[in-house]
Structures are given as C-alpha cells and as structure tokens.
1. What list of ³J(HN,Hα) values in whole Hz, one per residue of the stretch 208-213 in order, does the Karplus curve 6.51 cos²θ - 1.76 cosθ + 1.60 (θ = phi - 60°) give from phi, with Gly and Pro shown as x?
2. In debye, nearest 20, what is the charge dipole magnitude of the chain about its Cα centre with +1 on Lys and Arg Cβ and -1 on Asp and Glu Cβ, if you could check?
3. Hey, can you grab everything whose amide H is under 5 Å from the amide H of Tyr125? Only 5+ residues off in sequence or another chain; H modelled, so Pro and N-termini drop out.
4. Output wanted: per-residue J couplings in Hz (rounded whole) for the stretch 145-161, from phi through Karplus 6.51 cos²θ - 1.76 cosθ + 1.60, θ = phi - 60°, x for Gly and Pro.
5. Residue by residue, what Karplus-based ³J(HN,Hα) values in Hz, rounded to whole numbers, does the stretch 162-178 have, using 6.51, -1.76 and 1.60 with θ = phi - 60° and x for Gly and Pro?
6. Working out 0.36 nm times the residue gap between Arg209 and Arg197, then minus their Cα-Cα distance, what length gain in nm do you get to one decimal?
7. Shape of the stretch 1-78 from its Cα gyration tensor (a ≥ b ≥ c, root eigenvalues): rounded if a/c is under 1.5, otherwise prolate when a/b > b/c, or oblate?
8. Run the dipole for the stretch 8-101 about the Cα centre, Lys and Arg Cβ at +1, Asp and Glu Cβ at -1, nothing else charged, and hand back the magnitude in debye, nearest 20.
Amino acid sequence: MDAGGVLDYAGLAVAAERYAAAISAAVAADQPVAICLPTDREVPSAMLGALLAGRPYVTLDPALPAGHLRRTIEHSGAKAIICGPQDAIIPPDAVPPGVVRLELDQMPSLMERRAVPPGPETAAYVLYTSGSTGVPKGVWQDQRGLIHDVLQYSEAIAITPADRLSLLYAPSVNGALRDIFGALLNGAVLCMSDLRREGFAKVRDDLERRRVTVLHAMPPVLRSLTRASGKTIA
C-alpha cells in the first residue's frame, strides 16, 4: 500500500518476476544492481526481483547529491541501476559510464529469467553507512542473514497476516528492511510513506486511515508526527 493505492501479493509476485528477468539479463551472477526509486511499491518489487535473480541489490536515496550516488555506485561495483524515466529521479551525471539504466517505463512486462537459484550464502544486499565519520562504507549481508534478521524481528513482536506495518524509513537504510520484509514474509500489509514528499501531517493521517498496527520510527520522527496533528499517536 502506497500513495498510489494497493498492490496485492499476486501483483507483487508478477512485478518481482519482471524485475528478476530484467536484472538477470543485464547483470552477471554475483554482481550488484542499484535501486534508485522513490518510496513506493516499486522498491520492494525490485528488491524481491534482485533476490529472485540471485543478485545483491544496493538501495540508493534519490534525494542525495549526484556525486554521493555516483561514488556509491562505483564503490559497490553495480553494473545496472533501476530508476525512473531519464532525469526524473536520478541525474545522468550520477550514473558512471558503463552502468546500464533499467528504466521503469522500458521494463519488459514479463519474460523468462535465467535460472540462478540463490543459496543461503548468496549476497542479498549492500547497505552504505551515512559517512558522518568519513567515507561511506558498504555493508554486505547474505540471504541467510537477511532471513535470520526478519525471523528474529517477526518472533519478537509476533507479526501475523492481520498486521499492518508502517514504512517511514528510507529504503536505503537498515531500519527499512525489517518493515519491508517483516510485512511481506508474514503475509501482512506494508503501508509505505515518503515523509519528504508527503509531509508529516499527511503521513500521520495516512497511518490512522490505514489502521497501522506496527509503527516503527526514530523518536524524532514520532515527535514530529505527533506535533503535526496535535494528537497522541495510538
């Protein structure tokens, strides 16, 4: 669920296979694929597509400067980037030469993907630190570690298919992973918001309207959401 409406699990499976096919065709096994998209349904679809294809993904924040994005892409070794239409999301100078742009409006509807069954040790993703203490560092995680983290989170708060989880973190940071995969791997609803685009008042109203049962956010965000409406968050 995002600002554009609702995507069911059948639609998510089709979208993930579409991404997996495009990624398999553009990226060799074990090479990363970058994902630079606004916070909406395309992000988890692309993440799942990369995991299905057995390629690690590198999530990027489109709001960061072009130079930062370029350094991250170069350092990660990503050979392709999933992005919006030309110049709409990521500026051309943020994409190093030789990196293939997989643009949403050119994505194939569905095609056969190369069979590369991912194993537990297959790299799942690369997340980059903020760089507040120096140059941003890439942190790799394999699929076993990802599943372990999600299972631990699911058991700790007893997530069920009846739950509705918020996504207030940018997908490029670690805090988003538990929300995204905690919802999707438990058959729950993922309620996605983009605080920068939508603002605190709208997001606060959406949380109530969507009947979110698991709210995950940093304390400053929680305080801002409360001040935005003058209400106490349930």
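1. 6, 5, 7, 6, 5, 9
2. Values: 23 positive and 24 negative charges, 97 e Å.
So the dipole magnitude of the chain works out to roughly 460 debye.
3. Here the answer is Tyr57, Gln141, since their amide H atoms fall under 5 Å of that of Tyr125.
4. Rounded to whole hertz, the list is x, 4, 4, 4, 5, 5, 5, 4, 5, 4, 6, 5, 10, 6, 5, 10, x.
5. My calculation for the stretch 162-178 gives 7, 7, 10, 9, 7, 10, 10, 7, 5, x, 7, 10, 4, x, 6, 5, 5 Hz in order.
6. Working: separation 12, 0.36 × 12 = 4.32 nm, distance 1.83 nm.
Residue separation times 0.36 nm, minus the Cα-Cα distance, leaves 2.5 nm.
7. Numbers: a/c = 3.35, a/b = 1.25, b/c = 2.67.
Note, shape of the stretch 1-78 comes out oblate.
8. Details: 7 positive and 9 negative charges, 41 e Å.
The calculation lands at about 200 debye.
No lab work stands behind these numbers, since they all come straight from the coordinates. Here the structure is a predicted model, which means the values were calculated and not measured. Glycine also receives a Cβ, built like all others from the backbone with ideal geometry; neighbour counts cover every protein chain displayed.
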